[in-house]
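Colleague: Would you mind keeping the following structure in view while I ask a few things?
No value in this document is a laboratory result; all are computed from the given coordinates. Predicted model, so just to flag it, every value in this text is computed and none were measured. Because the Cβ atoms are built from the backbone with ideal geometry, glycine has one as well, and the counts that use them run over all protein chains shown.
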């Protein structure tokens with residue numbers, strides 16, 4: 001008899017990943033049947049017409065085919081050629097060979113320099129050890145590597161925000177661990193409150209669940225919130241008090257729209273506190289920011305305050321599938337070492353970057369205002385990341401799953417129900433990206449308004 | 001307190017992946033200290049000077065930077081331009097967007113055509129459903145996806161050959177399953193014997209281990225053996241009798257050196273037997289064959305005889321990390337749809353392909369003869385794949401681990417001890433790739449001979 005569903009483990013069956021769940025399957029069906037779908041379910045910028053950066057693709061193309069460096073056409077600027085040559089020389093065997101399990105050394109060195117430069121301010125002189133950096137196939141694989149390590153037993157729990165990005169809930173379920181949800185406070189822009197953390201960990205303890213780590217997503221997915229330094233310091237103290245590890249999902253660090261706000265990393269605050277007792281895993285990616293290179297699956301994980309013998313275990317596990325894909329590694333390199341002012345390619349790079357970031361900020365504002373203009377909707381400020389997570393009032397007896405499915409069927413707008421991210425009982429939300437082009441955002445808001453007014 | 005090794009699960013601690021284990025770490029140390037190392041530990045062709053195919057890299061570069069299609073220089077042949085345009089059109093959003101979780105549809109269609117064409121002979125008309133094909137980040141990730149599904153409980157066992165490729169043993173340990181080793185018969189060129197399979201499964205049963213699947217690696221890694229159709233039929237009947245799934249690792253399907261031998265897939269034999277009760281997972285990769293594109297982490301998994309609801313579970317799990325990297329997907333496409341006779345790029349493609357395959361066959365023969373010329377060595381025919389796995393006689397009290405470490409220190413030749421792959425008690429082996437350039441193979445054989453003669 002073939003393998004049956006009943007042969008599979010409960011962990012596999014119970015795993016649920018909303019961002020690509022039944023609603024997206026239905027959207028694909030409708031699309032194949034000829035209906036126009038606006039995919040707002042996932043942060044996939046280049047699927048919504050964002051163009052890749054010329055700097056990135058030119059360098060990558062030259063690395064894939066170094067013969068292009070000799071063409072007579074004036075296609076490549078001098079610094080791009082130099083960069084491609086540098087990459088080919090440093091990687092030794094080009095993009096077709098397995099690299100070290102951690103990733104190519106010069107890329108890890110460049111990431112280390114990037115972290116030092118990003119985090120050295122306010123009197124902090126940041127350090128970053130290239131041996132504590134792992135290149136990963138997108139941030140998702142990094143997160144899964146960390147959770148593989150942290151979930152050792154059935155009653156090991158991971159604190160995750162509610163709402164959260166469902167990679168976390170799905171992976172914790174699949175790895176036979178326990179979710180410990182802590183609520184973010186919607187009324188204050190989804191802020192992080194120490195009492196909520198304490199409540200969550202005590203409640204888990206009462207159930208016999210031992211907290212092993214806390215996940216913090218900053219800027220927030222799906223909430224759009226941006227943490228302050230005080231907030232981060234509070235989380236670090238909390239982690240220390242409870243002897244747990246921090247997983248800092250910082251993939252939206254370039255996506256901050258709130259005037260005057262800046263991204264502050266957990267690594268920066270930890271160094272400023274001279275904290276050496278709390279282990280930290282931080283994640284970054286080429287998929288978000290202004291690169292939006294989701295398809296290339298590039299990213300890195302940096303670890304801090306871990307003994308050598310734990311580092312060795314991570315390296316061992318990474319080595320089983322050999323290494324992260326090399327184009328993704330190179331894109332990560334290009335992300336952390338962009339053109340500098342004065343380089344021939346700088347002006348074009350800066351123009352393209354600024355155009356994307358300005359456009360994203362504009363869309364965030366448009367969407368936030370648009371959603372708040374709909375009676376029955378309430379949307380917190382979109383200070384960062386790429387999503388809105390409005391609360392919605394529903395007719396009695398209806399769920400946000402029903403709502404999103406009906407919305408898709410009637411309007412072609414594909415969003416993900418709040419239930420997939422987690423929300424306070426009795427509330428209803430959905431997540432939409434801010435990514436559709438400006439003219440589509442107006443259409444989306446109009447469609448939502450009309451739908452919300454008439455749906456029963 | 002930071003995370004400690006003692007916090008990690010036994011599964012993590014006990015996982016062991018020999019191909020990148022302590023001996024490779026030591027080799028990297030020695031290399032950094034200035035010693036010349038010949039890396040024979042891993043099938044990484046482009047790290048040992050194999051050149052990427054022009055066809056592959058030209059098309060990929062044009063897909064990464066479509067602007068290159070308009071350069072005045074005559075760099076790209078017409079069919080390459082057409083192919084790149086076709087890829088960009090079919091993929092809709094280029095290489096920077098997440099694709100469907102299974103992989104881009106036109107790539108899965110092309111893989112389906114490839115399987116049909118490869119397997120339709122001897123009266124068999126092969127079918128292949130694009131919905132049963134998953135693009136993966138190299139074959140390793142496909143294997144791990146299958147094992148995630150198949151290991152549901154602690155006493156679930158997976159039959160693996162001895163010797164095997166340590167991806168299997170490592171992943172089974174990490175996923176809390178049980179290894180059920182079945183011996184290959186070294187004396188008859190590492191052939192697969194039904195009695196060995198029965199012995200293994202009965203012995204496991206006696207220990208309370210329930211076999212869930214059997215792994216077959218064909219052509220064999222590390223053995224170099226190539227299975228006959230009869231052999232494959234026997235495995236399928238065995239799987240049916242015991243109601244287990246087959247995992248067919250067929251990544252070396254293009255690497256067959258034995259004159260007159262051909263690759264026969266499990267899918268072909270299953271179709272010829274009209275077998276619909278045995279579930280099959282087959283794996284292929286762009287890393288081996290004559291592509292040797294290890295760094296791009298491309299590959300696919302095809303499944304057969306699985307109910308829809310199990311397929312849906314696989315898709316769900318694949319969706320958690322979104323999709324395989326797009327350049328790897330495109331390389332897989334290029335592998336299954338190469339230039340045809342008459343295409344402008346065909347001659348160069350065929351020349352490069354033939355040169356690589358001829359060279360590999362030559363090295364396999366040289367190495368096999370060279371190893372067999374060393375007193376105390378015995379090497380079975382290298383009929384396929386990329387490795388030799390000679391048996392060696394050791395001084396009393398010494399292990400093959402000692403041997404390989406001493407060999408590395410004295411000669412700079414980095415090979416992997418047989419213990420990492422599994423071997424009959426009382427025997428000793430190591431695995432070396434056949435990949436070093438011809439002139440290095442002579443040096444390797446000389447070094448081995450001298451070392452073996454003098455080491456005590």
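Colleague: Applying 1/(1 + (r/R0)^6) with R0 = 25 Å to the Cβ-Cβ distance of residue A:439 and residue B:70, what FRET efficiency is obtained, to the nearest 0.05?
Modeller: On the way: r = 28 Å, r/R0 = 1.13.
That pair, residue A:439 with residue B:70, gives E of 0.35.
Colleague: Roughly how far apart, in whole Å, are the Cα centres of region B:74-118 and region B:226-259?
Modeller: Measuring centre to centre over Cα atoms gives 29 Å.
Colleague: May I ask you to work out the translational diffusion coefficient for chain B at 20 °C, viscosity 1.002 mPa s, via Stokes-Einstein with Rh from the Kirkwood sum over Cα pairs, reported in whole µm²/s? Walk me through the intermediate numbers first.
Modeller: Values: Rh = 23.1 Å.
Answer, rounded: 93 µm²/s.
Colleague: Further, regarding this structure: Please arrange A:124, A:143 by counting, for each residue, the other beta carbons lying within 10 Å of its beta carbon, fewest first.
Modeller: Numbers: A:124 16, A:143 25.
Ascending Cβ contact count within 10 Å gives the list A:124, A:143.
Colleague: Please rank B:190, A:455, fewest neighbouring Cβ atoms within 10 Å first, as an exposure proxy.
Modeller: On the way: B:190 21, A:455 14.
Arranged by neighbour count, lowest to highest, B:190, A:455 become A:455, B:190.
Colleague: To the nearest whole percent, what portion of all C-alpha pairs in the protein assembly as shown is separated by more than 51 angstrom? Kindly include the intermediate steps, with their values, before the conclusion.
Modeller: Working: 65005 of 415416 pairs.
More than 51 Å apart: 16 percent of the Cα pairs in the protein assembly as shown.
Colleague: Regarding region B:1-45, what is the average projected area of its C-alpha convex hull, in nm²? Mind dumping the intermediate values first?
Modeller: Details: hull surface 20.1 nm².
Computing the convex hull of the Cα atoms and averaging its projections yields 5.0 nm².
Colleague: Taking the label point as lying 7 angstrom from Cα along the Cα-to-Cβ axis, what are the distances from residue B:203 to the corresponding position in the remaining copies, in ascending order and in nanometres?
Modeller: From this label point to the equivalent ones elsewhere in the assembly: 5.1 nm.
Colleague: Between residue B:29 and the same site in the other copies, what are the distances in nm, shortest first, taking label points 7 Å from Cα along the C-beta direction?
Modeller: 5.9
Colleague: Could you please rank B:438, B:245, B:332, placing first whichever residue has the fewest other Cβ atoms within 10 Å of its Cβ?
Modeller: Values: B:438 10, B:245 24, B:332 30.
In order of increasing Cβ crowding within 10 Å: B:438, B:245, B:332.
Colleague: Would you mind giving the mean number of other chain beta-carbons within 10 Å of the Cβ of each residue in B:48-60, as a whole number?
Modeller: Details: counts 2, 1, 3, 2, 7, 1, 2, 0, 3, 10, 5, 2, 6.
What the average comes to for B:48-60 is 3.
Colleague: While we're on this one: Taking every pair of alpha-carbon atoms in region B:94-336, what share in percent sits in each 5 Å bin, from 0 to the bin with the longest distance?
Modeller: 1, 7, 14, 19, 21, 18, 12, 6, 2, 0, 0
Colleague: With a ≥ b ≥ c taken as the square roots of the eigenvalues of the C-alpha gyration tensor of region B:222-314, please select rounded if a/c is under 1.5 and otherwise prolate if a/b is larger than b/c or oblate if it is not? Show your work: numbers first, answer last.
Modeller: Working: a/c = 2.53, a/b = 1.24, b/c = 2.04.
Verdict is oblate for region B:222-314.
Colleague: Let me ask you something else. What is the mean number of Cβ atoms from other protein chains located within 10 Å of the Cβ atom of each residue in peptide B:96-104, rounded to a whole number?
Modeller: Per-residue shielding by partner chains comes out at 6.
Colleague: Now for a separate question. In deg cm²/dmol and to the nearest 500, what is the mean residue ellipticity at 222 nm of chain B if only DSSP H runs of at least 4 residues count, each as -39500 (n - 2.57), divided by the residue total?
Modeller: Numbers: 15 runs with 191 residues, N = 456.
So the calculated ellipticity at 222 nm is -13000 deg cm²/dmol.
Colleague: Something else: Between residue A:274 and residue A:10, 0.36 nm times their residue separation minus their Cα-Cα distance comes to what? Each step should come with its number before you reach the end.
Modeller: Values: separation 264, 0.36 × 264 = 95.04 nm, distance 4.28 nm.
The residue A:274-residue A:10 span can extend by a further 90.8 nm.
Colleague: Per residue Cα convex hull volume for region B:61-191, in cubic angstrom?
Modeller: Details: hull volume 26.3 nm³, N = 131.
Cα-based convex hull of region B:61-191, divided per residue, equals 201 Å³.
Colleague: So, one more: Where Rh denotes the Kirkwood radius from the mean inverse Cα pair distance, what is Rg over Rh for region A:1-100?
Modeller: Values: Rg = 22.2 Å, Rh = 18.4 Å.
Answer for region A:1-100: 1.20.
Colleague: Another question, if that's okay. Just tell me how shielded A:237-249 is by partners: mean number of partner chain Cβ atoms within 10 Å of each residue's Cβ, no decimals. List each step's numbers first, then the result.
Modeller: Numbers: counts 0, 0, 0, 1, 0, 0, 4, 1, 3, 0, 0, 0, 0.
Per residue, the average neighbour count from other chains is 1.
Colleague: Sticking with this one: To one decimal in nm, how far is residue A:359 from the same spot in the other copies, if labels go 7 Å from Cα toward Cβ? Please give the shortest first.
Modeller: 4.4
Colleague: Further, regarding this structure: Would you kindly compute the Cα radius of gyration of region A:308-456 and its largest Cα-Cα separation (Dmax), both in Å?
Modeller: 21.1, 62
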